[in-house]
Amino acid sequence: MRRKLAAGNWKMNGTKAALSELEALRDAHPDPAVDILICPPATLLSPAHSLVGNSPIAIGGQDCHAKTDGAHTGDISAPMLVDAGATAVILGHSERREDHDEESHDIRIKARTAQAAGLMTVICLGESLDQREAQDTLDIIGAQLSLSVPDSSTGLNLVVAYEPIWAIGTGLTPTPDQIGEVHDFIRSRLERRFGPGVGRSVRLLYGGSVKAANAEEIFAISNVDGALVGGASLTEAQFSPIIKALEAAV
């Protein structure tokens, strides 16, 4: 049984004052029926970890370097994330792929390093609007999945997030049939590559303008095991209804 996961990506948002929202989220969900992961900016990793303490909320990073150490000014290594209290890391988000020219093979190397450090890797996949309209979605997702996910992946250290680029922060959301088609396709590819055991144990998240108003519908879709949420994860008031919708789908 795959345990549902509600993951929040704060992106480049939040100073110490934002930790009050994390505190409110912790207090609102003392015994959740799903896993909760918050990925704040790197400056807040350590204080966020201290704040959640032994609560069920986990803390993750938003990226890591492919190397574990070295002359890489401004970068953060996987062991550094672990040292700061992180148990997971987001890799291959479309904003990293676009803004930093990261390719799928770069994501694969990062993921291998992160998994070796003991981090759960949330690997993001997604197509552009032009690719969607050209009916290339499954080809794009298949290639990204094959090249981004390392052979060291298991149901414990890999989560795959489908985030259509055209739906991130735009208010646009694919239809349930479109989401289901991609998630079923990813599941099939994982089972073919890793075998039914591992392939069926990897959690698949949907991301892209997820909010309280559409969460229930999204979580009812085949092979959707939760969500990777951006803007709506920044406050307890917006994120809690999404968590509750996911709990209702358990």
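The values are calculated or read from the model by the stated rules, or taken from the named source; none is laboratory data. Computed from a predicted model, the values in this text were never measured in an experiment. Methodologically, a virtual Cβ is constructed for each residue, glycine included, from the backbone with ideal geometry; neighbour enumeration extends over all protein chains shown.
Comparison of 212, 232 shows that the only residue that is within 15 Å of the chain's Cα centre (by Cα), among the small types (Gly, Ala, Ser) and modelled with pLDDT of 95 or more is 232.
May I ask you to verify whether residue 221 is closer than 30 Å to residue 147 by Cβ and in a loop (DSSP other than H, G, I, E, B)? I'd like the intermediate steps shown before the answer.
Working: closer than 30 Å to residue 147 by Cβ: yes; in a loop (DSSP other than H, G, I, E, B): yes.
So residue 221 passes the test.
Has the range 76-84 got any residue that is surrounded by 15 or more Cβ atoms within 10 Å (Cβ to Cβ), touching a Lys or Arg at 6+ places or on another chain (Cβ under 8 Å) and within 26 Å of residue 169 (Cβ to Cβ)? Checked against the condition, which is being surrounded by 15 or more Cβ atoms within 10 Å (Cβ to Cβ), touching a Lys or Arg at 6+ places or on another chain (Cβ under 8 Å) and within 26 Å of residue 169 (Cβ to Cβ), the range 76-84 yields no hits at all.
Out of 125, 119, 129, 158, report the one residue that is in contact (Cβ under 8 Å) with a residue 12 or more places away in the chain and surrounded by fewer than 19 Cβ atoms within 10 Å (Cβ to Cβ).
Details: 125 fails: surrounded by fewer than 19 Cβ atoms within 10 Å (Cβ to Cβ); 119 fails: surrounded by fewer than 19 Cβ atoms within 10 Å (Cβ to Cβ); 158 fails: surrounded by fewer than 19 Cβ atoms within 10 Å (Cβ to Cβ).
Exactly one of 125, 119, 129, 158 is in contact (Cβ under 8 Å) with a residue 12 or more places away in the chain and surrounded by fewer than 19 Cβ atoms within 10 Å (Cβ to Cβ), namely 129.
The set of residues in the range 26-78 that are assigned to a loop (DSSP other than H, G, I, E, B), under 21 Å from the mean Cα position of the chain (by Cα) and of a type in the set (Asp, Glu) comprises 63, 75.
Take the range 177-188 and flag every residue that is in contact with a helix residue (DSSP H, G or I) (Cβ under 9 Å, 6 or more places away or on another chain) and either within 16 Å of residue 127 (Cα to Cα) or among the basic types (Lys, Arg) (or both). Scanning the range 177-188 gives 178, 179, 181, 182, 185, 186, 187. Does residue 153 meet the test of being among the polar types (S, T, N, Q), in contact with a Gly (Cβ under 7 Å, 6 or more places away or on another chain) and farther than 23 Å from residue 232 by Cβ? Criteria not met by residue 153. Once the range 162-210 is narrowed to residues that are without any contact (Cβ under 8 Å) to a residue 60 or more places away in the chain and part of a strand (DSSP E or B), the residue that is nearest to residue 144 (Cα to Cα) is 162.
For residue 31, the conditions (1) more than 27 Å from residue 208 (Cβ to Cβ); (2) acidic (Asp, Glu); (3) buried (at least 16 other Cβ atoms within 10 Å of the Cβ) are fulfilled apart from (3).
Within the range 79-101, track down each residue that is part of a loop (DSSP other than H, G, I, E, B) and either closer than 16 Å to residue 38 by Cα or touching a Gly at 6+ places or on another chain (Cβ under 7 Å) (or both). Let's see the steps before the verdict.
Going residue by residue through the range 79-101, those that are part of a loop (DSSP other than H, G, I, E, B) are 84-87, 92-93, 100-101.
Across the range 79-101, the qualifying residues are 84, 85, 86, 87, 93.
Number of residues in the range 119-157 that are touching a Phe, Trp or Tyr at 6+ places or on another chain (Cβ under 8 Å) and part of a helix (DSSP H, G or I): the value is 5.
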